[in-house]
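I have placed the structure first, in the form of structure tokens, so that the comments after it can refer back to it.
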Amino acid sequence: MHAHESLVRSYFSLLFFSCPLLSYYTEAASPPPRQPSPPHSVISMADQSITKHRMHKCRGCDEPATRRCSACAVPSAWFCSVKCQREVWAFHKFECNKRKSINTAYHLARAVYQDVFPEDPQTCEDYGFTRAFTVQNRSKLLGLYIGLIQYQNVEPKTIHRWRIQGTLIQNIKTTFEKLPRNNRGGYYPWFLQNQWVLDSTQAAPDLRLQLVVRGWQYAGGSASATKEEIDAIKATWPERKRECLAFCSCLLGDWHPSPDQQAWLTFGFCACQEYTESRLALLYKKLMERCSFGKLYAAYASSSLKALFYSKGLKAEFDNIPHLSDILEGSPTMSKSVWDLKQFVVAKAGTLIPPVGVDYGFFNCKDEMERAQLKHVYSQFFQNYEADPIKLHEAAIRGRTFEYIDTLVKLNKKDRKTIQRLVKNPYPLPEFD
């Protein structure tokens with residue numbers, strides 16, 4: 001195990017967290033959602049006899065397909081009808097013709113149909129998710145766009161035109177005002193009260209300060225304290241206590257750390273697959289409801305969070321997250337280097353620390369190309385649901401990293417030789433008396 005101290009970055013600099021989202025709701029029956037139309041259509045195959053040799057499946061419904069996207073270089077872009085092509089257009093556009101640029105309205109539409117926050121930073125900037133900041137506000141903003149795109153059938157190209165013309169806010173109002181008041185759902189009234197998310201000329205509320213104050217109150221501080229007063233008191237605290245307060249403030253805002261935050265490792269989120277991170281965040285919130293900040297901080301600083309979870313009746317939920325115990329029994333001062341490896345691989349701007357470089361082969365790389373190749377292999381490993389980080393750690397300390405990776409990551413002959421060379425490490429170390 002490798003011990004290393006680390007600083008926690010500000011949670012409030014992070015704008016993209018995964019979280020459960022609210023689905024759009026309207027009180028009256030709405031017409032079925034219509035997908036944005038593609039600029040070109042499917043074409044019938046001239047020689048239907050080709051299908052005798054190979055039956056293609058429709059990308060929209062998996063039924064037999066005899067038509068192929070007319071402007072597409074993707075071999076598998078077969079459809080049974082224009083209707084099916086239209087229904088998957090918000091997704092197919094991203095692979096259809098990669099030489100064409102895609103405006104941010106299509107990134108927004110793809111997020112709408114997936115019911116997730118947009119990940120593209122410029123999309124978040126263009127359509128208010130950056131300014132919305134909190135999970136609650138971003139969920140409501142997404143709900144507004146779900147209503148606009150899925151239920152009111154406004155196409156991405158139209159939304160793009162509105163934004164470019166500076167009429168996005170007015171046209172959103174016009175679209176919803178055409179509906180009877182009871183049919184507008186719950187997100188439009190929220191939007192009328194929070195137009196600052198799309199109007200940069202309006203002053204936005206200090207949402208970051210609100211989160212800080214909520215965390216401060218949980219820690220026993222006064223709700224009337226100013227930011228300057230809070231900062232002055234925090235400056236006298238030990239580093240671990242400040243880390244714990246920042247983490248609690250994050251959770252109280254319905255966020256959880258991303259891989260770019262050190263708290264993602266020290267509070268055990270690295271043990272999760274991406275879809276289970278929210279579950280761990282909810283588990284911590286349950287713990288916060290059952291104990292004081294002082295006890296939570298004391299357990300964190302003494303590497304005894306597991307015991308605290310157990311003592312508060314949360315043992316079953318804690319044990320249901322594989323390897324969480326392994327991390328928290330050493331955190332925040334000790335961790336197996338495999339968890340640092342995972343953070344380095346999945347973070348957008350991961351930092352390579354020496355234990356990871358030695359243990360997992362990055363110090364063997366001759367150039368950035370080899371480093372990127374090795375990083376990609378580990379990324380594939382961590383995306384595989386059958387992959388076990390602890391087994392990778394155990395393989396590494398036995399000097400058998402490649403043998404374990406090779407069972408889970410598909411490599412061609414050339415890559416196998418390269419990766420086999422790169423992942424060599426000095427283990428197993430000779431035993432000393």
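The values are calculated or read from the model by the stated rules, or taken from the named source; none is laboratory data. Owing to the predicted nature of the structure, the values given are computational and were not obtained by experimental measurement. Note that we place each Cβ from the backbone using ideal geometry, even for glycine, and neighbour counts take in every protein chain shown. Quick note on the areas: whole protein, heavy atoms, side chains included, nothing else; ligands and nucleic acids left out. Shrake-Rupley method; radii C 1.70, N 1.55, O 1.52, S 1.80 Å.
Here are a few things to note about the model shown:
- Any pair with Cβ under 7 angstrom, 6 or more apart, that starts in region 319-335 at a residue that is open to solvent by 50 Å² or more (accessible area, probe 1.4 Å) and ends at one that is in a helix (DSSP H, G or I): Pro322/Ala271; His323/Ala271; His323/Pro389; His323/Ile390; Glu329/Lys306
- Note on region 129-140: among residues that are crowded, with 24+ Cβ neighbours inside 10 Å and not basic (Lys, Arg), the one that is nearest to Asn194 (Cα to Cα) is Ala132.
- For region 380-414, a tally of residues being open to solvent by 50 Å² or more (accessible area, probe 1.4 Å) and touching a residue at least 40 places away in the same chain (Cβ under 8 Å) returns 1.
- Look at (1) touching a residue at least 24 places away in the same chain (Cβ under 8 Å); (2) more than 25 Å from Ser331 (Cβ to Cβ); (3) open to solvent by less than 70 Å² (accessible area, probe 1.4 Å) and you find that Ile230 fails only one, number (1).
- Taken across region 240-255, residues that are outside any loop (DSSP other than H, G, I, E, B) and over 30 Å from Leu280 (Cα atoms) do not occur at all.
- Conditions (1) polar (S, T, N, Q); (2) open to solvent by 70 Å² or more (accessible area, probe 1.4 Å); (3) touching a residue at least 24 places away in the same chain (Cβ under 8 Å); (4) in contact with a Phe, Trp or Tyr (Cβ under 9 Å, 6 or more places away or on another chain); number of the one not met by Gln152: (2)
- Residues in region 298-315 that are open to solvent by 30 Å² or more (accessible area, probe 1.4 Å) and under 26 Å from the mean Cα position of the chain (by Cα): Lys306 only.
- Hits in region 197-211 - residues which are closer than 26 Å to Tyr300 by Cα, surrounded by fewer than 16 Cβ atoms within 10 Å (Cβ to Cβ) and among the aliphatic types (A, V, I, L, M): Leu209
- Residues satisfying the stated conditions in region 233-247, i.e. surrounded by 13 or more Cβ atoms within 10 Å (Cβ to Cβ), without any contact (Cβ under 8 Å) to a residue 40 or more places away in the chain and in contact with a Lys or Arg (Cβ under 9 Å, 6 or more places away or on another chain): Lys234
- Among the residues examined, Ala223 does not qualify as out of contact with any helix residue (DSSP H, G or I) (no Cβ under 7 Å at 6 or more places or on another chain) and either surrounded by fewer than 16 Cβ atoms within 10 Å (Cβ to Cβ) or at positive phi (or both).
- Screening region 348-433 for helices (runs of 4 or more DSSP H) wholly inside it with 2 or more residues that are of a type in the set (Asp, Glu) and more than 23 Å from the chain's Cα centre (by Cα) returns the ranges 368-383.
- Filtering region 415-428 to residues that are touching a residue at least 12 places away in the same chain (Cβ under 8 Å) and either loosely packed, with under 12 Cβ neighbours inside 10 Å or farther than 28 Å from Ser325 by Cβ (or both) leaves Asp415, Thr418, Ile419, Gln420, Arg421, Leu422, Lys424, Pro426, Pro428.
- Out of Arg214, Arg181, Arg161, sole residue that is closer than 17 Å to Ala105 by Cα and open to solvent by 60 Å² or more (accessible area, probe 1.4 Å): Arg161
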